[in-house]
1. Given points 7 Å out from each Cα along the Cα-Cβ axis, report the residue B:133 to residue A:366 separation in nanometres with one decimal.
2. What whole-number distance in Å separates the alpha-carbon centres of region B:65-85 and region B:205-255?
3. Three principal axis extents, largest first, for the C-alpha atoms of region A:231-387, in Å?
4. Would you mind giving the three semi-axes, in whole Å and largest first, of the ellipsoid equivalent to region B:145-247 according to its Cα gyration tensor?
5. Kirkwood hydrodynamic radius, computed over distinct alpha-carbon pairs, for region A:212-297: how many Å, to one decimal?
6. Taking the DSSP beta bridges in the protein assembly as shown as the whole, what percent of them are antiparallel, to the nearest 5?
7. Rounded to two decimals, what ratio of Rg to Rh does region A:112-181 give with C-alpha atoms and a Kirkwood Rh?
8. Using DSSP to define loop residues, name the chymotrypsin sites (Phe, Trp or Tyr not before Pro) in region A:4-80 whose beta-carbon has at most 13 other beta-carbon atoms within 10 Å.
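Derivation of every value follows stated rules applied to the coordinates shown; laboratory data play no part. None of the values given here were measured: they were computed from a predicted structure. Counting neighbours? That spans all protein chains shown, and the Cβs are built from the backbone with ideal geometry, glycine included.
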Amino acid sequence: MEKTIESGDLLDVKDLYVNFYTYAGVVEAIDGVSLLLKQGETLGLVGETGCGKSVTSLSIIVLVPPPGTIEKGDILLNAGDKAINLLKQNDRTLMNIRGKDISMVFQDPRGALNPVYTVTQQVGEALLLHRREEMCKRVLQNLERDIPEANTLKRFIYNCEKKIYEKMMNKPKSPSLRTLSKIPIINRYQGRLRNEIRKEVVELLRIMKIADPERVVDMYPHELSGGMAQRVVIAMALSCNPRLLLADEPTTNLDVTIQAQILLLIRELKEKMKSSILYVTHDLGVVAEICDRVAVMYAGNVVEVADTFTIFKKPSHPYTQDLLAAIPRPGKEFKSIRGEVPALISPPKGCRYHPRCSKAMPTCALVKPQVAEIEKGHLVMCHLYKR
Amino acid sequence: MGMRAYIIRRLLLLIPTIIGVTLLIFSVVQVLSPEQRAALYITSEQQADDIDAIIEKYHLRDPVYIQYFVWITQVLQGNLGYNVKSPSGRVLQNIINRAPATIELTIIAAPVIILSGIALGVTSAVHRDKLIDHVTRVTSIIGWSFPSFWLGILLLAIFYAALGWVGPGRLNPDASVFIITPPFTRYTKLNTIDGLLNGQLWITVDALKHLILPVASLTVQSIALIVRVMRSSMLEALTKGYIVSARAKGLGQKEVINKHARRNALIPVVTLAGMLSAGLLTGVVITETIFSIPGLGSYAAHMALPPPDIAGVLGFTLFTGVLFVIVNLIVDVAYAYIDPRIRLG
């Protein structure tokens, strides 16, 4: 059966189940999550540590680490005229989608950069994968410009290079090119592409507001500060103008001033690039700052979805209410949620929040609640609200 | 840029290190009496009657620093002393004569160890807990528990005694005669290469055939070691964040493994590979003895057997020390090449 997606929607996650098969038992990390992301919006995904936020975002890019397995569900991505179900694609297609349509920014920027490669090498990798043609075109333009001015010998070399680059654009995987690239001296022609990529990376870093990008491109990750490293990671993610950016707690490991700068940067870039963002965080302050809508997760379930204003003004699920009450505020008594996050190896029956819920009823422990739309666009998964 | 400065700094460090090595070796020899130390410079029986003259000539009774200075001058001039035991003559010349057999063994064994060790380790890690991983692991444990002398004897028993395919030594008897008869020229004294240079392919083939068994008995244990180190370091690298981020960029499995994981995982293996290669070069005493290969290892063993030949032992120790210092340098440069963080400090 062909699944469809509405034109205004970018991503539709339907009834996703992810299990982790550990030695201790099966961990039901994601238990029927559904999410809808509209074109150009920022959706915040909030919840406590271990509630499945990161696994949800990794599922969207189909990189759930073993022993995690996506059990069932659909992840539909709007691809112009049709919907692509990401969970039904082969590796090749997924590799084309990753980095180009969907890219990801990670929590630990230093960990996300390979210590043995320079910034250009790592950011350039994505460019080479997804924007190769564009880069080759630029090289060809440069060659067109240079050829008339060159002397005979140089003109001959340039013409050869032109042929190679034309081939590179049309048939990047031809065996003759592959052989050519391995012959010393002759493979110097790659220098032009490398230069072009370096220029583009400098440009990207400039957009990320990194000071002195000409110098930073040749640095190794250990030479970067935490904030710079995160900017480089964001540059890497945005290098191919993705339609969806998965930001997995990108500011958690940074100090507060840098955090604010990075948030500002993400908001600006979003306006500029018209990407949608799935912003995973446990920080409600950040959510208020940049998200259009919010999905609250608890123990592998999305318990409430609403626009940001509604979530803060009129939280409806008891968990959301408790979560907001737990934000420390001056002059107000600090209330923490009683009990602990359940181990998902044996999650509570019925509503997973019922052991900690102050409004729990007898049914809560028996029946898993359905999602109810209490207002337009305001979804709550709780027995207090009837469909 | 950083790389060049690093290499220069490392080369400059080579000088004090080598001086340190010579000082250490020199001080060990000071345990001996001047008369015993004079044995180093005795070339003939007539000289043995006039030891005092030699002691006088080489300042063997003078203060230690003068002795060191005299000795190091001799060493720098290429005089490592004279062997009394056979092969008699200048120690340096004997070491040079013995080196080709060991070098030939090493230039085949070292790449076999390093390349197959790394390849198997990576495969094992990538297919963790699959059949191929279990097979590799079990084989490497078995290989690791095979002492090389035992394996050498076993191989000889099978392929020489039982099957008669290939014997000990570097060449078959007729080939050994052929290479010392003109017009065969021994350009490099490496039989495999000389065979090619003289256009005598059968010499090369014969030399290679004779190398199979010693190389096998030398490599099994070392390969097992490298496989185990490579596997665990690869497994660690594969859990790192940059692996997920490389995949998220859209890279395929092959690039992620070969480009991102392997380079990081190589760092501990480089040290190990360097040490193993140096060990091979300084002569694998037992293997060379079992296969009667006239290399450095069998030379050292022969010199050390009682009554020891002081000049030979000393010369070999010096040679080994300097070689290890150089191998360390190569390892350090390889490190810096692989990991940019090392270029800093």
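1. 4.6 nm
2. Cα centroid of region B:65-85 versus Cα centroid of region B:205-255: 43 Å apart.
3. Its Cα atoms span 52, 36, 33 Å along the three principal axes.
4. Square roots of five times the eigenvalues give 40, 21, 9 Å.
5. That comes to 13.8 Å for region A:212-297.
6. Roughly 65 percent of the DSSP beta bridges within the protein assembly as shown come out antiparallel.
7. 1.07
8. Values: sites: A:17, A:20, A:21, A:23; in loops: A:23.
Answer by residue number: A:23.
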